[in-house]
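Have a look at the structure below before the remarks.
Coordinate-derived values only; no laboratory data. Here the structure is a predicted model, which is why all the values come from computation and not from measurement. Cβ: placed from backbone, ideal geometry, glycine included. Neighbour counts: every protein chain shown.
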Amino acid sequence: MSSAVAKADASADIVAQAAETARAGEYDFDNCLTRRTGRNHLPDVAAALVVAQSSMSDAADLLRVRYEAIKKFVQTHEPLKHLLREMRERMLDKVERSQVQAALDGDHGAQRFLLATLGKNRGYSRKVEMTHEADNDKWRDIIEAARNPGHLLPCELMEKHQRENGQVIDVEPTETADSTP
């Protein structure tokens, strides 16, 4: 194993240990090297990022250093970049779970959002994606029909057009599907 690989592995281990200690609420920021020396140290920054829930400005405040110094330090240390990515992915997972739960609990805003994003392939979207051939004028009829209430819904137009021609175009309806003519 090369010394560079060994150093990277050691750095990753240091970051993981510091993050775990911070998650347990046992990291001693009052006596950390960063506060004592004014220079960033890998375990201190990792622990501060965990406590600050990936906020670099809050981590900088916790360590009493400048935001720019933390940002540059994170950008130059791969284990810290990995830690931030992982923390942010976990945060997104939690928010997604709460959004799904809100939708299941009857929150109409959450339901609309989930249908427009996760239900997009079922036609629950404001924008219908279709392809078309440049020579074919049929797409103009589909756009016009989508913009006029009382016609087929954009998702129905897309399915019909794809069945007939296998073509797709972008359609942005001007009125909602539930409006009356």
Original post:
Can you give the FRET efficiency for VAL100 and ALA24, using 1/(1 + (r/R0)^6), R0 = 35 Å, r = Cβ-Cβ distance, to the nearest 0.05?
Top reply: 0.75
Original post:
Ordered by packing density, taken as the mean number of other Cβ atoms within 10 Å over each peptide's residues, highest first, how do 105-118, 43-56, 15-28 rank?
Top reply: 43-56, 15-28, 105-118
Original post:
Spin-label point model (7 Å from Cα, Cβ direction): what's the SER125 to GLU68 distance in nm?
Top reply: 4.3
Subject >> Residues GLU164 and GLU89, FRET efficiency given R0 of 41 Å [Cβ-Cβ distance, rounded to 0.05] >> reply: 0.45
Original post:
Separation between the THR117 and ASN31 pseudo-spin-labels, each 7 Å from Cα along Cα→Cβ, expressed in nm?
Top reply: 4.4
Original post:
Using the Cα gyration tensor of segment 3-87, with a ≥ b ≥ c the square roots of its eigenvalues, what is the shape: rounded (a/c below 1.5), prolate (a/b larger than b/c) or oblate (neither)?
Top reply: rounded
